[in-house]
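Remarks on the structure that follows.
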Amino acid sequence: MTHSASPRVRPTRRNVLKAAALGSAATFAAPYVRSSYAAGTLTMGCWDHWVPGANNTLTALCNEWGAKNHVEVKIDYITSQGEKDKLTAAAEAQAGTGHDIMSHRDWNIRIHGEVLEPLNDVADALIKQYGLISPVSEYLAKIKGVWRGIPTTVGSQIKPCCSRFDLYQQHAGLDVRDLFPADESKWDKAKTDSWNWDTYLTTAEKLYKAGYPVGLPMGQSSDSVDWVGALFNAYGVVMVDGKDNIKINSDETRSALEYLKKLMAVNPKEVYAWDDAGNNRWLISGKGSGIMNPPSAWAVAKKDNPKVAENCWTHPMPRGPRGRFVGQLPQFYGLWSFSKNKSAAKDLLLYISQKPAVGRLVAASVGYDLPSFKTMYDFDTWKTVEPPVGTVYAYPPRGDEQTSIAGAPARSEVGAQIYNQAINTVMVSKFTQGNEKLDDVIKWAENELEGTLRA
């Protein structure tokens, strides 16, 4: 379904809530002038947000820009169910026709890079305003020195811990709110350092014994790949480096897998079959004590199981021997090289990437959407949404938490294969569920990684 961004047209297909109106986007000296626009219409294919009302806010921002510039913006919100958004992008890339701007998830900028317009001018303008873009976003969208995508706020996420603080306190003797209060100035380094993977295992064992295990998926979908990738980074595991050297046969890999053998033993047995909804359902059910995810399970629990929501606390991942890492999955806007209205498209991308506009998008998603600029982590949304107040304050990476993605630091075309083949979680499954010998698992991984390099 196509939606015009004209104010007289109903903006989204699930117009449940009115668009948030928390200020207006900043005006700025755009490097593009209206007379250079090739046409009076601009089309966008955008990821269809799961939060009711979030689409409305993006459409409202496009309305504002369109009204100022006398350009009609038409938006298609395309579901990610069944990968329809990715299939649509692939069809347009092959046909050489379609929307002007298309949103792309995870590795899709790499996949379609050859038919995406360079966006260095837009990226450089944003970096000059707001500082460096997240290293993960740069890794995924900057190809051979050229920005082929601009990080979106909409749909971008990280996957830190979301813990039931009541269960942790009652059964493990640990108050995660005391470790990570909703005010970074009150974080105590000795306390935050104590939240490490050894502590995580100790508390997970106690929670399992009490009948409220953590729920960490070990399938081949993104939630599984992301948290295991963060743990691997924390242990210093490298699969393939940036010079195509296979590094998986290492002491770091052995240490991480030996640790995971213990951790997976205190998870529900069904985690090996979970898809990306499995961990959410586990927490919402009231049986789970913790997951690693954006605040989506908490948001659903507010309606489906309020008692669970009232006791959720999102906070940083455990620290490992090489630091504290969290999995990040950004989304991007790409401009097709066959677009007939590139100047207008770039101007719109700048407009919806301004901090006041981003603040409205964050508010509309109840704090789920995460910008790729650290200078935008000070929005009130993360401080004020409830219950309880402060529950998602630490969702944006704070303190020493670093964003990461499984597959890096390999060349992104190699990293994409490592990620999409879920080589890390298959390794863990072979060792923990399949009881294969550690050396055999590492040898299997070496063979798989050799295949990714050949491909």
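The values are calculated or read from the model by the stated rules, or taken from the named source; none is laboratory data. For clarity, every value in this text was computed on a predicted model and none was experimentally measured. Here the Cβ positions follow ideal geometry from the backbone for every residue, glycine too, while neighbour counts run over all protein chains shown.
Being assigned to a helix (DSSP H, G or I), surrounded by fewer than 15 Cβ atoms within 10 Å (Cβ to Cβ) and modelled with pLDDT of 95 or more narrows it down to one of A125, A91, so name that one.
A91
So, in segment 115-148, of the ones that are acidic (D, E) and touching a residue at least 24 places away in the same chain (Cβ under 8 Å), which residue ends up farthest from T43 (Cα to Cα)?
In this case the residue turns out to be D121.
Any idea which of D244, D251 is at positive phi, in the same structural domain as D439 (by TED's automatic domain parsing) and acidic (D, E)? Show your work before the answer.
Working: D251 fails: at positive phi.
The conditions single out D244.
How many residues are under 17 Å from L329 (Cα atoms) and either free of Cβ contacts under 8 Å to residues at least 24 places away in the same chain or among the charged types (D, E, K, R) (or both) when one looks only at segment 197-233?
Result for segment 197-233: 2.
Name the single residue, out of those in segment 108-122 being surrounded by fewer than 21 Cβ atoms within 10 Å (Cβ to Cβ) and of a type in the set (A, V, I, L, M, F, W, C), that is modelled with the lowest pLDDT.
I111
So in segment 401-455, with the set limited to residues that are of a type outside the set (S, T, N, Q) and assigned to a loop (DSSP other than H, G, I, E, B), which one is surrounded by the fewest Cβ atoms within 10 Å (Cβ to Cβ)?
Here the residue is A455.
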